[in-house]
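*Asks:* I'd like to ask some things about the structure below.
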Amino acid sequence: MAGGKLSARQKMINLMYLVFIAMLALNMSKEVLTAFGLMTEKLEDSTKLTADRNTAFLESLATKAAEAPEKFKELNDNANQIKKLTSDFYTYIDGLKTGAITDGKLEIDPKTGKLPFEIMDKPDHFDEKFFIGDKLKDEGQQFLDNITKFRDGVVALIGDDYKEIAKDVTNEFALADVENKDGNVLSWIDYHYKGFPLVASMTNLTQLQADARNTESKVLSAMLAGKQTLELSMSNYTTLLETPKSAYFNGERFDGEIVLGRKDSSTRPNKVELTLDGRKLTDKEYTIEDGKVKLNVSSGRPGEHKIKGTLIFTQDGVDTPVEVDQKFATIPKPNAATISADKMNVVYRGVTNPMTISFAGIPDNKVTASGTGLSKGSGVGKYNMNPGQGREVTIRVSGKLPDGQPVSDNRTFRIKGIPKPTGTIRGEDGSVKMQRNALEISTVGAKLEDFDFDLPLKISGFKFKVLGQPTISVSGSKLNARAKAALRKAKRGSSVQIFDINAKIKGNSSYLLKKVSPVIIELTN
């Protein structure tokens with residue numbers, strides 16, 4: 001990454017790019033792609049909160065400007081200009097993201113409300129939009145121009161009044177060339193966007209939007225109240241998530257609450273009394289940073305863990321206790337992947353297809369499965385599928401969570417017929433060399449090659465043809481007297497045919513198999 005003094009944000013982005021580069025050298029898993037998608041969603045949620053806060057600031061300032069225009073009109077006008085610069089830039093980036101979704105024909109899953117992050121692994125969209133070979137396209141230059149317009153517009157507007165903020169904006173939206181790990185100097189846009197998966201580029205664009213909203217927030221805060229108010233403003237607060245329980249099932253209503261927590265180095269408890277699962281924590285197991293008590297303990301065994309105790313603050317000589325009652329969940333570290341062949345979700349008509357059906361976290365007696373041809377088998381989660389007509393069958397599964405909440409899912413399987421059987425003589429198929437006397441006593445059969453089921457077939461008859469002799473119909477699986485007589489008239493080295501083999505499934509004679517392939521026998525004597 002580039003040398004020199006870096007901001008905290010740039011360090012974070014550089015770290016993210018190191019992850020990107022490492023993953024590009026490997027086969028990027030669906031979990032990693034989903035992780036970046038979730039990162040984008042969190043950035044978008046955070047940016048929305050910042051935008052709402054900025055709107056509230058502007059509304060308050062507009063009220064002051066209406067009440068005392070001689071004091072606040074100029075300030076209100078400047079704030080609205082900052083707002084317009086930010087909104088124009090935000091809308092432009094939004095258009096880039098929307099275009100990527102549209103061009104990639106990506107659709108939001110109606111169940112989860114999320115984009116298909118696991119397939120957003122190609123860099124084609126922004127590579128083709130911004131670059132042509134090693135050169136920059138007009139759209140790429142337009143992207144850089146919009147960043148420059150926002151940055152320079154904000155700096156020009158705040159001028160010398162807020163030098164520190166102007167410096168931060170300049171650094172945060174700098175477009176200088178970057179030296180990569182190999183010592184090669186790349187343009188900013190090459191280094192950050194060329195060759196990256198779509199989901200990564202979407203995260204980067206969302207980060208630009210978040211930075212723009214945060215810049216707007218910092219400028220508005222400074223304009224509204226100066227340095228003293230800025231120190232006491234919302235920039236010294238963070239959002240905390242409070243939930244009544246530590247884990248939720250997929251699709252369950254999430255009833256968490258977002259609250260504000262102050263992060264201030266001067267806000268320190270005078271005494272910390274905490275326990276983890278009833279065990280008292282020592283002063284080596286936590287640190288106090290920016291008013292927060294940061295725990296440094298093992299996550300422990302899988303399951304729910306409880307943190308209880310008291311933070312004591314001394315105010316005017318009086319101890320004020322703040323009760324702590326929190327919990328967190330530890331889950332087992334993943335050590336196995338879920339792997340499935342998407343094209344193999346098939347059941348076969350004419351046979352009993354064994355199936356195992358379960359719902360994670362729900363006992364078998366609370367799970368119900370239904371589908372045309374599906375019946376309960378013997379054993380936990382065991383079912384049998386005997387599909388009927390049609391091309392597909394859908395199996396629907398429902399269950400009840402421990403709290404009584406119903407859940408459901410379904411899976412569609414393709415229905416395929418039993419493949420075409422292959423005719424055999426003496427267990428051999430295709431073209432076979434055989435002595436005449438051996439053929440007379442050999443058994444005609446049929447087999448299903450490379451079929452997943454061990455399906456026995458019964459032969460009820462076939463036709464036998466010797467060159468120059470009439471075709472003979474035979475009942476059963478061996479040559480009859482007429483066929484043997486015709487065989488004796490065949491010349492040495494000639495070929496005889498066994499065809500129109502009538503095969504049935506043992507135990508299921510009603511199923512009509514496909515036509516059995518014939519057998520050709522070359523007589524060796």
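*Asks:* Just tell me which lysines come within less than 17 Å, Cα to Cα, of Lys271; anything on the same chain fewer than 8 places away is out.
*Replies:* Lys280, Lys284, Lys292, Lys294, Lys308
*Asks:* Something else now. Which of Ile418, Met385, Leu401 sits closest to the plus end of the dipole of segment 384-430, meaning its Cα is farthest towards the positive end, when Lys and Arg get +1 and Asp and Glu get -1 on the C-beta?
*Replies:* Of the candidates, Ile418 comes out farthest on the positive side.
*Asks:* Find, among the GluC sites (Glu not before Pro) in segment 98-159, those assigned to loop by DSSP (not H, G, I, E, B) with at most 11 other beta-carbon atoms within 10 angstrom.
*Replies:* Passing sites in segment 98-159 are Glu107.
*Asks:* Now a separate question. What number does segment 363-435 give for Rg over Rh if you use C-alpha atoms and the Kirkwood radius?
*Replies:* In segment 363-435, Rg relative to Rh is 1.30.
*Asks:* Which aspartates and glutamates have a Cα lying under 19 Å from the Cα of Lys129, excluding residues fewer than 8 positions away in the same chain?
*Replies:* Asp94, Asp103, Asp121, Asp138, Glu139, Asp145, Asp190
*Asks:* For the cross-link pairs Lys382/Lys515; Lys73/Lys163; Lys64/Lys84; Lys447/Lys478; Lys48/Lys97, which exceed 28 Å when the distance is taken from alpha carbon to alpha carbon?
*Replies:* Numbers: Lys382/Lys515 33 Å; Lys73/Lys163 22 Å; Lys64/Lys84 20 Å; Lys447/Lys478 16 Å; Lys48/Lys97 16 Å.
Violating the 28 Å limit, Cα to Cα: Lys382/Lys515.
*Asks:* Something else now. Whole number please: convex hull volume per residue of the Cα set in segment 433-525, in Å³?
*Replies:* Convex hull volume per residue, Cα atoms: 101 Å³.
*Asks:* Could you work out how much longer the chain between Arg436 and Lys271 gets when fully extended? Use 0.36 nm per residue separation minus the Cα distance between them, nm to one decimal. Don't jump to the answer; show the numbers that get you there.
*Replies:* Working: separation 165, 0.36 × 165 = 59.40 nm, distance 10.21 nm.
Length gained between Arg436 and Lys271: 49.2 nm.
*Asks:* What fraction of the Cα pairs in segment 37-142, stated in percent, has a spacing above 25 angstrom?
*Replies:* Working: 2509 of 5565 pairs.
Distances greater than 25 Å cover 45 percent of the Cα pairs.
*Asks:* Given Lys114/Lys416; Lys433/Lys465; Lys83/Lys137; Lys327/Lys400; Lys42/Lys149; Lys114/Lys366, which pairs have Cα atoms separated by over 22 Å?
*Replies:* Listed pairs above 22 Å: Lys114/Lys416; Lys83/Lys137; Lys327/Lys400; Lys42/Lys149; Lys114/Lys366.
*Asks:* Find out how many positive minus negative residues lie around Phe462, taking Lys and Arg as positive, Asp and Glu as negative, among other residues whose Cβ is under 11 Å from that of Phe462.
*Replies:* Result for the local shell: +2.
*Asks:* From the backbone phi of segment 178-195, what are the Karplus-calculated ³J(HN,Hα) couplings (6.51 cos²θ - 1.76 cosθ + 1.60, θ = phi - 60°) in whole Hz, Gly and Pro given as x?
*Replies:* 10, 8, 7, 5, 8, x, 8, 8, 10, 5, 4, 6, 4, 5, 9, 10, 6, x
Where a number appears in this text, it was derived from the coordinates with a stated rule and is not lab data. For clarity, every value in this text was computed on a predicted model and none was experimentally measured. Please note: Cβ atoms are built from the backbone with ideal geometry, for glycine as well, and neighbour counts cover all protein chains shown.
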